[in-house]
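Each remark here refers to the structure printed beneath this line.
The values are calculated or read from the model by the stated rules, or taken from the named source; none is laboratory data. Since the structure is predicted, the reported quantities are computational estimates derived from the model, not experimental observations. With ideal geometry, Cβ positions are generated from the backbone for all residues, glycine too; neighbour counts draw on all protein chains shown. Accessible surface is based on the protein model in full, side chains and every heavy atom, while ligands, DNA and RNA are left aside. Shrake-Rupley method; radii C 1.70, N 1.55, O 1.52, S 1.80 Å.
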Amino acid sequence: MPLALLALAVGAFGIGTTEFVMMGLLPDVADDLHISIPTAGHLVSAYALGVVIGAPLLAALTARMSRRYVLIGLMALFVVGNALSALAPGHGWLLAARFLSGLPHGAFFGVGAVVATGMVPPERKARSVSLMFLGLTVANVAGVPVATLMGQHLGWRATFLGVSAIGVAAIAALALLVPGDHAHAAPASGLRGELAALRSLPVWLALLTTVAGFGALFAAYSYITPMLTGAAGYAETSVTLLLALFGVGATAGNLLGGRLADHSLRGTLFGGLASLAVVLFLFPLLMRAEWSAALAVALLGMAAFVTGSPLQLMVMEKASAAPSLASSANQAAFNLANAGGAWIGGLALAAGFGATSPALAGAVLAVLGLAVAAVSYAVDRRRPEPAHPARVVTGHVPEPAEALHR
């Protein structure tokens, strides 16, 4: 695999760290800024809103630019946003800085996925995307716990300065390792042309699959702490270690999904969503003992992230005329899944259905994701398959047998 994928993974590591670390720093931020924890929680929402708005907008506006320079520019915006977070004098300024930090998130992953697939043969494109996403999953294993500890001992502002330093390292890696000939801009017809490429039923079905599939994950994961403490009997001090298990499972699932999707993208997607539904349906049973609860957390991460690369590639395929925009829109869909899944899981919990009820709500969403994926498959069988984005970039012409595994 090209060394340039390491540069993309470093950027993904920084983005993953800043996205999730705020959850662990909320009490410290709230105490320092003299606000309530629910009010501090708006900082999480501000970041997600930045992702949803920035992902398609920045990808469309930069479509005619060199993707290498776009990636560097997006990471520079990421550094500025995190540095301003560290220097924010009050809640309002921090809210704006978190929104700014979220703007480049989706576009970085979207453009990065196109660059990653353009540097490898078609039979390795899913693996290349999974290696870029490796930085995101490793952030949950190492980046977030270390950054949280840093914030607790040195102050939350030190955490965001540290994340800014990661962003600077990513800029240097992108400048040194991503060659310009692999990151040139695709022909584009401007913002209107980019948006027109998304006026397609298969594209929207792919995005809806992402919303339902990852909504299933966040319906359960958003409430994993009360499940572990209230149902499995873990002490609150053990939760951080258990969340690291989720990161380990997510990392393994991400790498496995990349390998499997290179052999059968559609089969990996269906298998991942089905596995996620099964794991979530079994959560009430698995949460009855500490050992099985720990296993459930790891399996949740693995089953969910097996689908990451297939979903990213499927969206890119369906909008081959604007792969960067489509790939970025998929990141916006991921964040909508985060918000929507947490809301649905909260409804189940508030209705009094029990501590593990968010997992069952997630299982229903996973089944819904399977249904949408099945509809997408049926629609695809009725129309010609669009050109694959990686093949558009590399100029590869698919052999007839190569298309069969789709």
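If the condition is being more than 21 Å from S45 (Cβ to Cβ) and not in a helix (DSSP H, G or I), then region 62-119 contributes T62, A63, R64, M65, S66, M119.
Of the candidates L49, L43, the single residue that is touching a helix residue (DSSP H, G or I) at 6+ places or on another chain (Cβ under 9 Å), among the hydrophobic types (A, V, I, L, M, F, W, C) and surrounded by 23 or more Cβ atoms within 10 Å (Cβ to Cβ) is L43.
Taken over region 67-110, residues that are closer than 25 Å to S36 by Cα, among the hydrophobic types (A, V, I, L, M, F, W, C) and open to solvent by 10 Å² or more (accessible area, probe 1.4 Å) amount to 8.
Of the residues P89, P145, P122, P104, only one is in contact with a His (Cβ under 8 Å, 6 or more places away or on another chain) and not hydrophobic (A, V, I, L, M, F, W, C); which?
Numbers: P89 fails: in contact with a His (Cβ under 8 Å, 6 or more places away or on another chain); P145 fails: in contact with a His (Cβ under 8 Å, 6 or more places away or on another chain); P104 fails: in contact with a His (Cβ under 8 Å, 6 or more places away or on another chain).
Step by step, each of P89, P145, P122, P104 is checked, and only P122 is in contact with a His (Cβ under 8 Å, 6 or more places away or on another chain) and not hydrophobic (A, V, I, L, M, F, W, C).
How many residues, within region 365-381, are free of Cβ contacts under 8 Å to residues at least 60 places away in the same chain and either buried (at least 18 other Cβ atoms within 10 Å of the Cβ) or not in a helix (DSSP H, G or I) (or both)? Going through region 365-381 one residue at a time, the tally reaches 0.
Looking across L299, L295, L269, L273, one residue alone is under 24 Å from L134 (Cβ atoms) and without any contact (Cβ under 8 Å) to a residue 12 or more places away in the chain. It is L295. Select from region 198-224 the residues that are open to solvent by 20 Å² or more (accessible area, probe 1.4 Å) and among the small types (G, A, S) and write down the one among them that is nearest to R266 (Cα to Cα). Only one residue fits best here, namely S200. Restricting the first member to region 196-221 and to residues that are in contact (Cβ under 8 Å) with a residue 24 or more places away in the chain and on the phi < 0 side of the Ramachandran plot, and the second to residues that are surrounded by 24 or more Cβ atoms within 10 Å (Cβ to Cβ) and outside any helix (DSSP H, G or I), the beta-carbon pairs closer than 6 Å and six or more apart or on different chains are A197/A319; A197/A322; L198/A319; V203/A319; G213/T307. Each residue in region 332-354 was checked for being open to solvent by 10 Å² or more (accessible area, probe 1.4 Å) and polar (S, T, N, Q), and 1 of them qualify.
For region 120-149, a tally of residues being open to solvent by less than 20 Å² (accessible area, probe 1.4 Å) and in a loop (DSSP other than H, G, I, E, B) returns 1.
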